[in-house]
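The values are calculated or read from the model by the stated rules, or taken from the named source; none is laboratory data. The model shown is predicted, which means the values in this text are computed figures rather than measured ones. Reconstructed Cβ throughout: ideal geometry from the backbone, glycine too, with neighbour counts over all protein chains shown. Ligands, DNA and RNA are stripped out before the accessible areas are found, and what is left, the full protein with its side chains, is counted by its heavy atoms. Shrake-Rupley method; radii C 1.70, N 1.55, O 1.52, S 1.80 Å.
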Amino acid sequence: GEPAAPEALMDPVGPRTLLALEGVTDPDNVGAIFRNAAAFGVAGVLLSSHCADPLYRKAIRVSMGATLALPFAQVPDWAGTLAVLRRAGYRLVALCPGAEAEDIVEVAGRAPRRPRLALLLGAEGAGLSDATRAAADVEVRIPMAAGVDSLNVAAACGIALHRFA
């Protein structure tokens with residue numbers, strides 16, 4: 001889609017899911033995340049500065065065209081946007097691989113039936129910043145086999161969207 005104002009994605013009333021990407025720099029991952037978003041009915045995607053451009057040719061191709069259809073907004077004030085999401089009634093769910101995060105199965109099982117949900121996804125390798133994690137309502141992890149520390153961000157996004165769908 002066309003880049004939109006962040007408020008245009010956040011403001012409509014009622015249940016909706018947004019994705020918020022912090023520093024996801026790989027166009028393959030951005031494209032795959034948009035493809036997941038389209039598959040699970042996400043209303044829009046918020047991108048921090050330093051994210052790969054969803055309209056970059058490789059991102060469009062990997063997304064199967066979803067970056068051309070799904071509304072998104074580039075967000076210069078990341079911390080401010082997270083605060084606006086909370087005021088607009090979104091539950092901020094941070095996807096984190098660490099053992100201190102709650103099991104996604106348990107968190108999704110307790111989730112309200114028709115939520116306003118913002119799923120926070122972090123950069124490849126580094127993950128979400130400490131400030132973003134602190135701003136979240138809950139940190140969730142996807143349980144994995146022993147010895148595996150994390151999933152690709154796009155794969156994790158798909159699993160999380162399925163869990164909360």
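Within segment 2-17, does at least one residue satisfy the condition of being without any contact (Cβ under 8 Å) to a residue 40 or more places away in the chain, out of contact with any Phe, Trp or Tyr (no Cβ under 7 Å at 6 or more places or on another chain) and not β-branched (Val, Ile, Thr)? Among the residues of segment 2-17, at least one is without any contact (Cβ under 8 Å) to a residue 40 or more places away in the chain, out of contact with any Phe, Trp or Tyr (no Cβ under 7 Å at 6 or more places or on another chain) and not β-branched (Val, Ile, Thr), which makes the answer yes. Among what's in segment 1-45 and is among the charged types (D, E, K, R) and in a helix (DSSP H, G or I), pick the residue that is nearest to GLY89 (Cα to Cα). Among those residues, the one meeting the criterion is GLU7. One residue alone among ALA59, ALA52 is surrounded by 18 or more Cβ atoms within 10 Å (Cβ to Cβ), assigned to a loop (DSSP other than H, G, I, E, B), touching a Pro at 6+ places or on another chain (Cβ under 9 Å) and modelled with pLDDT of 95 or more, and that residue is ALA52. Of the candidates ALA134, ALA160, the single residue that is modelled with pLDDT of 95 or more and out of contact with any strand residue (DSSP E or B) (no Cβ under 9 Å at 6 or more places or on another chain) is ALA134.
Applying the selection to segment 106-121, what residues are modelled with pLDDT of 90 or more and touching a helix residue (DSSP H, G or I) at 6+ places or on another chain (Cβ under 7 Å)? Matches in segment 106-121: ALA108, LEU117, ALA118, LEU119, LEU120, LEU121. Taken over segment 62-96, the residue count meeting the criterion of being open to solvent by 50 Å² or more (accessible area, probe 1.4 Å) and either among the aromatic types (Phe, Trp, Tyr) or in contact with a Pro (Cβ under 7 Å, 6 or more places away or on another chain) (or both) is 2. Of everything listed in (1) surrounded by 17 or more Cβ atoms within 10 Å (Cβ to Cβ); (2) free of Cβ contacts under 8 Å to residues at least 60 places away in the same chain; (3) closer than 19 Å to SER49 by Cβ, the single unmet condition for GLY122 is (2).
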